[in-house]
Amino acid sequence: MIEKEVAIVAGGCFWCTEAVFLELKGVESVVPGYIGGEMPNPTYKAICTGQTGHAEAIQIEFNANEISFAELLEVFFATHDPTTLNRQGNDIGTQYRSEIFYTNEEQKNTAETFIKELQEQKVFTSPIVTQISKASTFYEAEDYHHNYYNGNKEQGYCSFVITPKIEKVKKVFKEKLK
């Protein structure tokens with residue numbers, strides 16, 4: 001029996017996170033969007049102001065029989081910097097924060113345990129600032145953001161920021177690739 005679940009994470013630009021998670025076995029869909037703010041039906045233009053409170057995030061539908069939530073977190077923490085507050089590289093603002101939006105108590109507990117273990121093992125030299133929050137309404141991003149990397153690989157941001165993340169995933173997580 002296929003056990004479908006949904007995970008929602010924010011780790012900077014959603015073009016980056018979407019591209020990374022599309023590579024993984026067991027991931028059935030990845031949708032870029034906005035979550036965690038107050039404004040209903042936010043737009044990319046509104047999000048970019050940093051005034052709406054939303055994070056750029058991805059909603060991952062996955063087959064829990066093929067890949068676990070903990071395995072998704074492993075990839076998540078390996079492909080962004082969870083120690084910088086409201087920043088990923090040159091992307092600066094609350095919309096680029098590191099956050100896990102849990103959809104059930106099991107995900108919340110898994111995320112808390114995972115972060116605690118990373119801190120105890122001193123995987124990062126600075127403290128992890130990733131927030132863990134109950135998922136609120138997820139607003140799907142505009143169509144042109146969907147599968148952005150695969151349609152724009154030659155664009156500067158894609159080739160300099162996203163391609164190295166994809167290469168890392170292909171090297172470090174070979175056994176998890178489609």
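A short reminder: the numbers here are calculations on the coordinates, not readings from a lab. None of these values were measured; they are calculated from a predicted model. Cβ: placed from backbone, ideal geometry, glycine included. Neighbour counts: every protein chain shown.
Please state the shape class of segment 107-177: rounded when a/c is under 1.5, otherwise prolate if a/b exceeds b/c and oblate if not, all from the C-alpha gyration tensor. Oblate shape, in that a/c is at least 1.5 and b/c is the bigger or equal ratio. From helices alone, the chain scores -8000 deg cm²/dmol at 222 nm; the rule is -39500 (n - 2.57) for each run of n ≥ 4 DSSP H residues, then divide by the residue total.
Judged by the ratio a/c of the largest to the smallest principal axis of the C-alpha gyration tensor, segment 42-89 counts as oblate, that ratio being 1.5 or greater while a/b is no larger than b/c.
Between Glu38 and Lys4, what is the FRET efficiency for a Förster distance of 30 Å, r being their Cβ-Cβ separation, to the nearest 0.05?
Numbers: r = 29 Å, r/R0 = 0.98.
Taking R0 as 30 Å, the efficiency between Glu38 and Lys4 is 0.55.
Take the Cα of Glu66, step 7 Å toward its Cβ, do the same at Asp143, and the gap between the two points is 2.7 nm.
Taking segment 14-115, which chymotrypsin sites (Phe, Trp or Tyr not before Pro) meet the DSSP loop condition and have no more than 15 other C-beta atoms within 10 Å? Could you put the intermediate results ahead of the total?
Values: sites: Phe14, Trp15, Phe21, Tyr34, Tyr44, Phe62, Phe69, Phe76, Phe77, Tyr96, Phe101, Tyr102, Phe114; in loops: none.
Loop-located and lightly packed - none at all.
Taking GluC sites (Glu not before Pro) as candidate sites, keep only those in a DSSP loop with at most 12 other Cβ atoms within 10 Å, then name the longest stretch of the chain containing none of them. Longest gap between qualifying sites, sites excluded: 39-141. Here the Debye sum runs over all C-alpha atoms of segment 1-67 as equal scatterers in vacuum, and log10 of I(q)/I(0) at q = 0.14 Å⁻¹ comes out as -0.44.
Given a cut-off of under 8 Å on Cα pairs at least six residues apart, what relative contact order in percent is computed for the chain?
On the way: 325 pairs, mean separation 56.0, N = 178.
Answer for the chain is 31 percent.
Cα-Cα pairs above 20 Å in segment 4-176: how many percent? Mind showing how you got there, number by number?
Numbers: 7270 of 14878 pairs.
Percentage above 20 Å: 49.
Distance from the alpha carbon centroid of segment 22-45 to that of segment 77-148 works out to 13 angstrom. Here the gap between Asn150 and Glu106, fully extended at 0.36 nm per residue and compared with their Cα-Cα distance, gives a gain of 12.6 nm.
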